[in-house]
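The values are calculated or read from the model by the stated rules, or taken from the named source; none is laboratory data. Just so it is clear, the model here is predicted, and its values are computed rather than measured. Heads up, the Cβs are rebuilt from the backbone with ideal geometry, glycines too, and the neighbour counts pull from every protein chain shown. The accessibility values were calculated without ligands, DNA or RNA, using every heavy atom of the protein model including side chains. Shrake-Rupley method; radii C 1.70, N 1.55, O 1.52, S 1.80 Å.
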Amino acid sequence: MLTPYLKRPFKQGFKRAFLYLLFVLHFFLIICYTFNLILLYTNIILKPFYASLIVLNLVSFNLFARQQSSAIDSLKKLITPALQHTSKLPDTLTISRINKLADEYFESYPDSCAYYGNLEIALSTKINYLKGIADGHTQIGAVNTFRGDYAASARNYTTALNLYKQLNNNYGISESYIGLARVQDYLGNYDNAIGLFNKSLTLCVKTGKEIDVANCYNVIGITYDNKGEFSKALDCYFKSLITDIKYKNDLAAADNYCDIGVVMQHMEIYPKALNYFNRALNIWQKLDDQQGISTASENIGEVLMAQKNYTGAIGYLNKASVIFHKIDDREGKSLIYYDLGLYNYYTQHTVVALHYLNLSLQSAAQNKIKYNKAYAYEGLARVYNLEKAYTRAYAYALKAQLTANNLGSLNTKADAALQVSKALAGLKRFKQAYSQHQLYTALKDSLNNNESINKIISYNLEIDFLKKQKEIADQLHLRDNVYQQKIARQRNELLVYAAIIVVMAIMVLIYYNGKRKQQKINLLLAAKNTEIIGHQENLDSQATKLNELNLLKDRLIAVLAHDLRAPISTLRGLFNLMTTDSITHEEFAEMIPKVFGKLEHTSDFLDTLLFWINSQVDNTGNTAKSFDIADLVTRELMSLDDQLKHKSISTIINIAPDTTAFADPNSTRIVIHNFLTNAIKFSNWDGTIEITSYVQDDEWVIFTLKDNGVGMTEAYLENLFKSQVISATGTDNETGTGMGLLFCKDLIEKQKGKIWAKSSLGVGSELGFGLMVGAGV
């Protein structure tokens, strides 16, 4: 009886494990199990020894140290800093890396894949990143399918599908359809699965990506295979395979080779089945794909059993069993238990056969895999019929028949009908037994007719595939010939170029010999010229320094005129009120703290300017240090409070927590002060100034100041940071020098920062700068 092939998870991945240790331990386990089978066969069953073997088996699986790939290590290093700083909001790049890490873990460590999928959902939810949430549900859906929790898997894929539709992400929509279709396939709802697969295929065809189209054909073929429509399955597999060969997609090609082998196995064309399985196995072994190796090993073992080569079959089956347990593939374990049950049935170890078949049934029932349940029921019925326990055989045969009818598979229906007939005959219910035997005969005739047609179709499909494969090979050969011709042409060109170079080298040598004589004559002149040039360089250096000092003088005058005029004018007005008796003594007393504060700020700002002046004149070293942007903003807003209140200007502060820059705080303070005075100057009464600061890409501290004042023309904005401009009059007739923002540009760029301005006439202006985070200036 044919077993259904092991369906590989939809995702693909690469694993690195200590294979040498794996095979050594596996060989040791085979010896132990063989010894145990001998004990069982001779009815000398030592339960403690059998229990110790199970413990040894479990311990051996835990000893398989799993080597992390370089890709996983790199991704972990990249996401660790972001995960440690829990106070900061996650970014989409980190979430994308977590998704890749979950993908890498899928086949080797499904639990780790689920962990990172849930982490991706949690972080994406914090920033309402819909694609990250959808990707996380896709990862968890794949793990739930792998574990056999199909209800949870369907919920995951449905959530992802709805999110991808909101984002109009066709690739994600296609993947979600495939995930939902795989769930339906595992549940035996083949028509529903094919409908969903075709939706995915339609999207893939629209995008024009042949690799995605090939993948859709492959999964559609799997469902047709399960449904028993082998010719349609082969058509899909060959369409997919020809694309995989065209693009040298070895891993996908291995999947198709294996799937084609399964169809050949169903049609009992065993030599061809083995041929395709071995092709797949060779590729998977080269890629060290454990899931693929286990799949091919099990299928080869099944074919060898069908050919009654039980000695050869058990090696492949045990190899598949070890890997299935290692990667916790629940469907794989259910199928391998069934195969080991059949092996022991064929080799007349009835007790062991029943043990494995019951394990297969438990696993299939727990993971809701109908196909595996049908075969487990049929296998138990077969063994009990052999043992003449007809009552039990009849019970299991009926369950097999009921499950097979739900699946709609002719193979399983026929096998179940045969076991029902045998059980009824053993129970002396010959009339019913005869009826079931007639049903079995009709089903087998139908199968034989279908298989004859399918064999003809498969032969034609293989011929078409070989033709297309030859066409691709011819195209590749032609491409190689063109490439070789191009190489030969380039080689000839290189020879010509080499000859030209040799001729030129000879000419250069002749020129060089003549030049040497001239150089000796010029040596004395060169020495004199060097001395004169040295004096000239000294004069140029002194002139440059004088120009720089003169430029510094101009800037200092502009700064003093721009930034000290306003506070001094304010103070002069206050003292004028005091001296003209325009205010009472009580008002005078109330104003003293404000006057003192204004003096303190003016003095402090003057100290800042003087510090910067000294640093420019004395050419002092790096004055950069870490400081909080919010502190500087608070200080400057307090100092300019009177000017803000004078125009009834309100401020909106949007400074992210812990926004810390690494730069010269004094220079930065001067820039913020200039930005604020400029915004106040050109703001209307009852205006608003919005101050924003945040960290961008963990590299820059961004500061912006936006007003809703009079704004600037495009011509004025274009020259704002290029040269001194004619300062426009403020909304309260304030005046300026036109040097303030040019001076700010100089301060920011000396700190390796960047500065910009945006404005629309009549709408307002935005001034901003960026400074480095955590790096020296």
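Rounded to a whole number of µm²/s, how large is the Stokes-Einstein D of the stretch 243-364 at 37 °C and 0.692 mPa s, given Rh as the Kirkwood radius over C-alpha pairs? The estimated diffusion coefficient comes to 225 µm²/s.
If you take the Cα centroid of the stretch 280-311 and the Cα centroid of the stretch 185-236, the two points sit 24 Å apart. All Cα-Cα separations within the stretch 268-340 were binned at 5 Å from zero, giving a P(r) of 3, 19, 29, 25, 18, 6, 0, each value a whole percent of the pairs.
Once the C-beta distance of Ile532 and Arg491 is scaled by a Förster radius of 51 Å, the resulting FRET efficiency is 0.40 to the nearest 0.05.
The smallest convex shape that holds all Cα atoms of the stretch 142-224, its convex hull, gives 79 Å³ per residue. The length gained by stretching the chain between Ser648 and Gln362 to full extension, at 0.36 nm per residue less their Cα-Cα distance, is 95.1 nm.
First check a/c for the stretch 626-701, with a ≥ b ≥ c the square roots of the eigenvalues of its C-alpha gyration tensor; if it is under 1.5, answer rounded, and if not, answer prolate when a/b is larger than b/c or oblate otherwise. In terms of gyration-tensor shape, prolate. Phi angles of the stretch 142-157 translate, via the Karplus equation with coefficients 6.51, -1.76, 1.60 and θ = phi - 60°, into HN-Hα couplings of 5, 5, 5, 4, 4, 7, x, 8, 6, 5, 5, 4, 4, 5, 4, 5 Hz per residue; Gly and Pro are given as x.
For the stretch 381-422, what mean projected area does the convex hull of the alpha carbons give, in nm²? Here the figure is 2.3 nm², rounded to one decimal.
Each principal axis of the Cα cloud of the stretch 336-421 was taken in turn, and the coordinate range along them, longest first, works out to 32, 28, 19 Å.
Largest to smallest in accessible area, the residues Lys232, Lys76 fall in the order Lys232, Lys76 (1.4 Å probe, all protein chains included). For the peptides 661-674, 694-707, 370-383, residues were scored by their other Cβ atoms within 10 Å and the scores averaged per peptide; the highest-first order is 370-383, 661-674, 694-707. Shape index of the stretch 478-537: Rg/Rh, with Rg the Cα radius of gyration and Rh the Kirkwood radius from the inverse mean 1/r over Cα pairs, equals 1.49. For a paramagnetic label modelled at 7 Å from the Cα of Glu699 toward its Cβ, which residues of the stretch 738-758 fall within the zone defined by backbone nitrogen distances under 16 Å? Backbone N within reach: 752-755. Backbone amide hydrogens, once placed in the peptide plane, bring Phe627 within less than 5 Å of Ala661, Ala663, excluding anything fewer than 5 places away on its chain. Derived scalar couplings between HN and Hα for the stretch 136-141 equal x, 5, 5, 4, 5, x Hz in order, rounded to whole Hz, by the Karplus curve 6.51 cos²θ - 1.76 cosθ + 1.60 (θ = phi - 60°), x for Gly and Pro.
By a 1.4 Å probe calculation restricted to protein chains, Val352 has an accessible surface near 10 Å², given to the nearest 10.
Size estimate for the stretch 102-250 follows the Kirkwood approach: the inverse of mean 1/r over distinct Cα pairs works out to 15.8 Å. Sequentially through the stretch 425-431, phi angles give Karplus couplings (6.51, -1.76, 1.60; θ = phi - 60°) of 5, x, 8, 6, 9, 5, 5 Hz, Gly and Pro residues having no value and appearing as x. Packing, as the average of other Cβ atoms within 10 Å across residues, places the peptides 298-304, 358-364 in the order 298-304, 358-364, highest first. Note on the stretch 207-281: Kirkwood hydrodynamic radius from all Cα pairs is 12.0 Å, rounded to one decimal. Under 5 Å between amide hydrogens, built in the peptide plane, is the criterion, and for Ile655 it picks out Ser693 among residues at least 5 positions away or on other chains. Approximating the spin labels as points 7 Å out from Cα along Cα→Cβ, the Lys388-to-Tyr483 distance works out to 7.0 nm. Within the assembled protein chains, the solvent-accessible surface assigned to Thr202 is about 70 Å², based on a 1.4 Å probe.
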